Structure formats: C-alpha cells, structure tokens
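K.L.:
Would you mind keeping the following structure in view while I ask a few things?
The values are calculated or read from the model by the stated rules, or taken from the named source; none is laboratory data. None of these values were measured; they are calculated from a predicted model. Heavy atoms of the whole protein, side chains included, go into the accessibility calculation; ligands, DNA and RNA do not. Shrake-Rupley method; radii C 1.70, N 1.55, O 1.52, S 1.80 Å.
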Amino acid sequence: MKKIKKMIETVIGMVVLLALLGGCAHTSQSEEQSNIDFESLNTDTQVVESQDETNVDSREEQDTAVFIDEKLDENLFISAELKMPENSLYEYAAQLKRFDYNKVQEAIGQNAEGNLAVDDGSDEFTGGSLTYQRNDMANHLDTYCSYAGEMGLTDDRDLPFMSQADAVARIQNMVGMFGVGGELEALDVVAMDSVDFENVKKAIMEDSDYQFLSAKGYGSDTFEQDMEVYRIIFRMNVNGIPVYRNEPNLRQTSERFLAYPAAVTVLLSNNGIEMISMMGMFEPYEEHQKEAVIIGEDGIKEAIMKKFGDVILTSEFKAKNIWMEYFPLLREDSFTEMDLIPVWCVEFEVDGQSVEDSRYSIRFNAITGEEIS
C-alpha cells in the first residue's frame, strides 16, 4: 500500500521524471559489516545446461543456464541461476536524446492539442525526457490506472476500440518516429473503461490512505460513457537485453550522478494519446560499438568476493537473482554523454528475508567485474 501511495503522490505532482533525476539509493543493510575469510570456500556448484528459444533482433539466441549453489565464505552464499547469452554483446557510446519538438508533435498528432515538453538539448539536466498531457485530466487517469493495476481491480483484456497488441504496436511505431535508440518492450498493460474508472474512483475515495485526493478534485471526476484507456509501461532493450530503469534502485556508491533510468509510460484512449512520460532516452547508437567480452560464473563470484572481501559479515547474505542489463553510465565530465555497458545485477536475501524485503542489490560491470552501484 505504501508503494501505491508513493507512486500516486508522484503522479499527482507530475514529477515522475524529476524524482528520478534526484538519484536513487537502496536502503543498505547497516554497512556490510567487514572482513571475509577467503580460505573457507565451499565449491558445490550444480550445473544445468538448457536452451531458451528466444529471438533477439530476429536472430536465434541460445542461453546456457548455470545454477550456482555455493557457500563463498562465512555468511556469504550464492543460490541462483545464471544465464550466459551466447550472442555477442557490445559496448556503445551514446548520448541523451535531443528531441525535435516539431517531429514529436507531428508523431503525436491531435492538432497540437495538449501540453508537450521535450529535452531539446538546451538544458543538460533534463535527462533525455519528454512529457505530454492532453489535458489536466491525464494525471487523474494515470492515478486511477496505477491504483487499479496495483490493487488488481481490472481484468487483463482487450478493449473494444483496439486490442492490447495493436495498442502496444501503435506506441512503438510512434516512439520510433521520435528517433530514439533501443527497442521498446511492453512490461505491463492496464485496460479500463468508464465503469472501471467509476469503481476505482470509489475505491480510492473509500481508502483512508488516499483521502488527500479529495482536495485535489478526484471526488468530482466524471467519465464519458464510452471512455476506454490503456496504460502501458515499457522498458527499453538493447540487443534484447533490458536497459536500467531504476528497478531495483541504485545503491549510490559514487558522489557523482551515475545514470538516468530509461522509463516510458503512455496512456492511450479511444480519443488518442492522453499522456506520455519518457525519461533517460538516448540517441541511436548503432555506429558506435565495440564487442564486449562478458565475465561468467567465476568472474561474478570473484566480483562478489571482492565486494565483501574487507568486511566481517554479521548478517547472512545470499545472492538469489542474477540477470544482465545494459547500464547507461554517464561519463564523469558530462551529463549528456554516456557509455551503454552490460552489467550483471545481483539481488541478495539478507538474514533469510526475501529480496523484496531485503532491498539489497549490486550491479557489476559485466566486462571488468567492477562494482558500479
């Protein structure tokens, strides 16, 4: 519930993007309490070979899945599956997107209706962002859709005006006209009609945690009888691998700002585009690439040992989830130029708590093994 409330408060203020700009820090477990005994390694690794039939950029990819179940040191364990992509990966030099206002307006259409703001390069602190609202009601619609999705108040279904698949394709085509790098993939779709909106409004007004919304006019909202809306959350992919989108949050290990998360949310109705929120978009990068040699099981274990090597762990840390993503690491002397690098993300359970409750994750450079955050 706290998660929903925080999200709705952010939406209401229309500062989703600006909030992300403020950096992100995980709640770390009382500084990893130091010093590891490197001589007590127990290597009991279970290896399982499997092949996932996935398609990346229209190419066949076969992943080798390795299940690691080891005690690395006192209070330090791994019990997670590691998938090594067999396709070649690359590092990319890129820069934050400078949107062409007129091109974006043309792609959105709707005769210049609504409020559009884009990062056109004139302000280096706007983070490759684009925001659009058809009218003031867009914030409220987003809030209702967010609440309904989190609370499970709507069905997963196609709306009469357009199927989910066609809605996703329409947004992907529109964003393609913006000229951004990467490929959009839909992560979550909420479908609502006027009856759903009325029911969700009633639920919110009866929710004691959201009484403050009455003062913001939510109680007096009305909905056209034929209103239908999709709220679609996307992630950006590079070579079929997701780009960092602030989930899980960064553990800020550097004084400098490291990256803008790539995040896209769109509201599409039977009347057209209601809202667009884009952050961390970057220019196309295909011409600037070099092949990356990725560390595997041994390199990841070495990186984890290096991270905890100078600490005595009084809490038990167990790596439970390991996956790869591209990280848009800003260069030290710039707020607009970046290097898209592959990283290994590792989520830990702490003292038997779930990864959700532990909220402890580390990103390692998948080429060098260096800790990023």
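K.L.:
Got a sec? What order do Glu356, Glu113 fall in by accessible area at 1.4 Å, biggest, i.e. largest, first?
P.N.:
Reading off the accessible areas and sorting them downward yields Glu356, Glu113.
K.L.:
With θ taken as phi - 60° and the coefficients 6.51, -1.76 and 1.60, list the Karplus ³J(HN,Hα) couplings across region 325-334 in order, rounded to whole Hz; mark glycine and proline as x.
P.N.:
These are the phi-based 3J(HN,Hα) values: 8, 8, 10, x, 6, 5, 6, 4, 9, 8 Hz.
K.L.:
Along each principal axis of its Cα atoms, how long is region 218-373 end to end? Whole angstroms, biggest number first, please.
P.N.:
The Cα atoms of region 218-373 stretch 62, 44, 29 Å along their principal axes.
K.L.:
Can you work out ³J(HN,Hα) from phi for every residue in region 187-193, in order, using Karplus 6.51 cos²θ - 1.76 cosθ + 1.60 and θ = phi - 60°, giving whole Hz and x for Gly and Pro?
P.N.:
Residue by residue, region 187-193 yields 9, 8, 10, 10, 10, 9, 10 Hz.
K.L.:
Keeping every protein chain present and rolling a 1.4 Å probe, give me the accessible area per residue for region 210-261 in Å².
P.N.:
Heavy-atom accessible area per residue stands at 42 Å².
K.L.:
At 1.4 Å probe size, with the rest of the protein present, what percent of the exposed accessible area of region 176-267 is carbon and sulfur atoms?
P.N.:
Roughly 45 percent, rounded to a whole number.
K.L.:
Longer than 20 Å from Cα to Cα, which of Lys83/Lys306; Lys71/Lys318; Lys71/Lys301 are they? Say none if no pair is.
P.N.:
Going by Cα-Cα distance, Lys83/Lys306 fall outside the 20 Å limit.
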